[in-house]
Amino acid sequence: MIKKLNGNQIKMIAIIAMFMDHFATTFYPHYEKYGWLLLIHLIGRVAAPIMWFMVVEGYTHTHSLKKYLERLLIFSIIAHFAYNFCF
């Protein structure tokens, strides 16, 4: 019997992959020189497709497209300023 992943587990995989990618890029900016850092960076590239999949899933299950887009916009603005604050 194959055990399926739920949405929260898939999101956690994306978050961990994104953290690994950002960690490697921030603390080791010349990751191309080391094979293990390149592997971490490549694992991080899994995060974007998973996140976009979750956005589409949210779209298919929403009752109000306008409210859903407003929440996405608000979150993206908050995330953008948090990112700029860090760097």
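See the values below:
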| quantity | calculated |
| --- | --- |
| Two-site label geometry, Glu32 and Tyr59: point separation in nm, points 7 Å out along Cα→Cβ | 3.4 nm |
| Relative contact order, percent, the chain [alpha-carbon distance under 8 Å, six or more residues apart] | 27 percent |
| 28 Å Cα-Cα reach of Lys11 towards lysines, excluding residues that sit fewer than 8 places from it in its own chain | Lys3, Lys66, Lys67 |
| Rough spin-label spacing in nm, given labels placed 7 Å along Cα→Cβ, for Leu5 and Lys66 | 3.6 nm |
| With Cα atoms, 0 to 90° folded angle of helix 65-86 axis to the chain main axis | 30 degrees |
| Cα-based helix-to-principal-axis angle, 47-61 vs the chain, degrees rounded to 10 | 0 degrees |
| Computed magnitude of the charge dipole of the chain (debye, nearest 20; Cβ of K, R +1, Cβ of D, E -1) | 260 debye |
| Three-way shape call for the chain based on the alpha-carbon gyration tensor, with the a/c threshold at 1.5 | oblate |
| Nearest 10 degrees, 0 to 90: helix 7-27 Cα axis against the chain principal axis | 30 degrees |
| Mean Cβ neighbour count within 10 Å, used as a protection proxy, ranking 38-49, 5-16, 60-71 highest first | 38-49, 5-16, 60-71 |
| Options His41, Ile10, Ala24, ranked by Cα towards positive dipole end of the chain, top entry (Cβ charges) | Ile10 |
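Where a number appears in this text, it was derived from the coordinates with a stated rule and is not lab data. For clarity, every value in this text was computed on a predicted model and none was experimentally measured. Please note: Cβ atoms are built from the backbone with ideal geometry, for glycine as well, and neighbour counts cover all protein chains shown.
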